[in-house]
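Colleague: One structure, as structure tokens, below. Some questions next.
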Amino acid sequence: MKDERQSLTILNTPVHAVTMAETLARTQKFMAESRLHQICTTNPEFVMAAQTDDAFRQILWQADLCLPDGIGLVVASRWLKKPLPERVPGSELVYHLAELCAQEGWRLFLLGAAPGIGDAPGIAEEAAAIFQSRYPDLIIAGTYAGSPDPAENEAILKRINDSGAEMLFVAYGAPKQDKWIARNREALPTVRMAIGIGGSLDFVTGKSIRAPRWVQNLGLEWLHRLIKEPWRWRRMLALPRFVLAVVVGKLGSRGAGGQG
Ligand code: UDP
């Protein structure tokens with residue numbers, strides 16, 4: 001394929017150098033093959049988590065695509081002189097994938113995000129309705145909040161397999177969602193692409209609000225999220241730790257021919 005660029009390695013973690021358009025081109029290729037392809041939406045928090053979680057790091061290495069979802073990765077890649085072409089945010093990709101599913105007739109299943117309380121629809125159901133109103137031909141194979149707890153695994157597999165889903169969004173947050181997909185790779189025979197989408201469905205439904213475009217363009221979406229969701233501060237310490245680790249790694253490997 002023309003767009004098969006080299007992937008970049010940041011702190012022993014892979015990131016694929018793809019644009020949004022190339023991601024959609026690869027989606028077509030993945031969906032034409034009969035096995036499940038795993039996609040991860042990598043950001044600096046993933047990279048830092050992978051430093052101490054070997055199982056997670058292995059999952060990232062085994063994934064079919066690790067998207068550059070995080071401005072920190074794009075900035076670091078420039079500094080490492082192996083620039084990533086652009087950021088590919090999972091929260092935007094979900095719309096493009098839903099649209100592609102509608103065009104191609106692929107059945108989409110939304111797993112995870114908060115369940116409804118009482119009779120109210122859950123986030124995944126609400127997001128499914130929003131996608132369907134935007135893309136009327138979209139076939140929603142199913143939605144289910146469930147839990148990444150292994151005790152629920154078999155019941156969730158049955159739901160998805162009975163639905164005949166071909167594309168699967170998993171919203172359990174990283175690394176739980178990515179571990180969920182990895183451990184079930186062989187148990188979902190109809191699914192050809194499964195992607196961990198974090199809080200994307202919260203953005204689709206308006207439960208969380210993305211930063212204005214100008215803030216995104218300044219590379220400050222992470223700061224907006226920290227202000228809106230201050231309880232994330234401890235997790236977001238991963239960002240300065242990431243910057244420090246990249247700088248130290250680069251300086252330390254200068255004599256050895258650079259990182260990557
Ligand atoms: N979530 C869930 N079950 C869990 C943990 C998380 O459904 O056990 C959902 C949560 O409701 C949210 C999504 O996973 O919609 C992403 O969570 P978070 O914001 O922590 O992830 P991030 O976007 O930072 O990866």
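Colleague: Please list 230-241, 203-214 highest first by mean number of surrounding beta-carbon atoms within 10 Å per residue.
Modeller: Details: 230-241: 12.8, 203-214: 15.0.
Highest to lowest by the protection proxy: 203-214, 230-241.
Colleague: If the only charges are +1 at each Lys and Arg Cβ and -1 at each Asp and Glu Cβ, what is the size of the charge dipole of the stretch 161-203 around the Cα centre, to the nearest 20 debye? Display every interim value, and only then the final one.
Modeller: Working: 5 positive and 5 negative charges, 37 e Å.
Using only the charged Cβ atoms, the result is roughly 180 debye.
Colleague: Assuming R0 = 25 Å, what is the FRET efficiency of residue 149 and residue 33, from their Cβ-Cβ distance, to the nearest 0.05?
Modeller: Values: r = 30 Å, r/R0 = 1.22.
For R0 = 25 Å, the calculated efficiency reads 0.25.
Colleague: Something else: Which FRET efficiency, nearest 0.05, do residue 244 and residue 162 yield, Cβ-Cβ r, R0 35 Å?
Modeller: Calculated transfer efficiency: 0.15.
Colleague: Working out 0.36 nm times the residue gap between residue 215 and residue 132, then minus their Cα-Cα distance, what length gain in nm do you get to one decimal?
Modeller: Numbers: separation 83, 0.36 × 83 = 29.88 nm, distance 2.88 nm.
Result: 27.0 nm gained on full extension.
Colleague: In addition: Can you report the principal axis dimensions of the stretch 28-115 using only the alpha carbons, biggest first, rounded to whole angstrom?
Modeller: The Cα atoms of the stretch 28-115 stretch 41, 31, 28 Å along the principal axes, largest first.
Colleague: In debye to the nearest 20, how big a dipole does the stretch 91-171 give about its Cα centre with +1 on each Lys and Arg Cβ and -1 on each Asp and Glu Cβ? Could you put the intermediate results ahead of the total?
Modeller: Numbers: 4 positive and 12 negative charges, 12 e Å.
Computed charge dipole of the stretch 91-171: roughly 60 debye.
Colleague: Kirkwood hydrodynamic radius (Cα pairs, Å) of the chain? Could the numbers behind the result be given before it?
Modeller: Working: mean 1/r = 0.0530 Å⁻¹.
One decimal place: 18.9 Å for the Kirkwood radius.
Colleague: Within 10 Å of each candidate Cβ there may be at most 10 other Cβ atoms; applying that plus a DSSP loop requirement, which trypsin sites (Lys or Arg not before Pro) in the stretch 67-110 survive? Walk me through the numbers on the way to the answer.
Modeller: Working: sites: 78, 81, 87, 107; in loops: 81, 87.
When the trypsin sites (Lys or Arg not before Pro) of the stretch 67-110 are filtered for loop state and at most 10 Cβ neighbours within 10 Å, 81 remain.
Colleague: Okay, moving on. Want the number for residue 187 to residue 228: 0.36 nm per residue separation, take away the alpha-carbon distance, what's left? Can you show the working numbers first?
Modeller: Numbers: separation 41, 0.36 × 41 = 14.76 nm, distance 3.78 nm.
Extending this stretch completely gives an extra 11.0 nm.
Colleague: With a Förster radius of 35 Å, plug the Cβ-Cβ distance of residue 21 and residue 207 into 1/(1 + (r/R0)^6) and report the FRET value to the nearest 0.05.
Modeller: Working: r = 29 Å, r/R0 = 0.82.
So, using R0 = 35 Å, E works out to roughly 0.75.
Colleague: Can I ask one more? Output the Kirkwood hydrodynamic radius of the stretch 139-201, Cα pairs only, in Å rounded to one decimal. Walk me through the intermediate numbers first.
Modeller: Values: mean 1/r = 0.0855 Å⁻¹.
One over the average 1/r among Cα pairs gives 11.7 Å for the stretch 139-201.
Colleague: When the expected Rg is taken as 2.2 N^0.38 Å, what fraction or multiple of it is the alpha-carbon Rg of the stretch 78-217?
Modeller: On the way: Rg = 15.6 Å, N = 140, 2.2 N^0.38 = 14.4 Å.
So the stretch 78-217 has a normalised radius of gyration of 1.08.
Colleague: So, in the chain, how many Lys pairs have Cα atoms under 26 Å apart, if the pair is 8 or more places apart or on different chains?
Modeller: 13
Colleague: Could you please state, rounded to a whole Å, how far the C-alpha centre of the stretch 66-127 is from the C-alpha centre of the stretch 142-209?
Modeller: The stretch 66-127 and the stretch 142-209 have Cα centres spaced 13 Å from each other.
All of the numbers you see were taken from the coordinates with simple rules; none came from a lab. Small disclaimer: the values here were computed from a predicted structure and weren't measured. Neighbour counts are summed over all protein chains in view; Cβ atoms, including those assigned to glycine, are modelled from backbone coordinates with ideal geometry.
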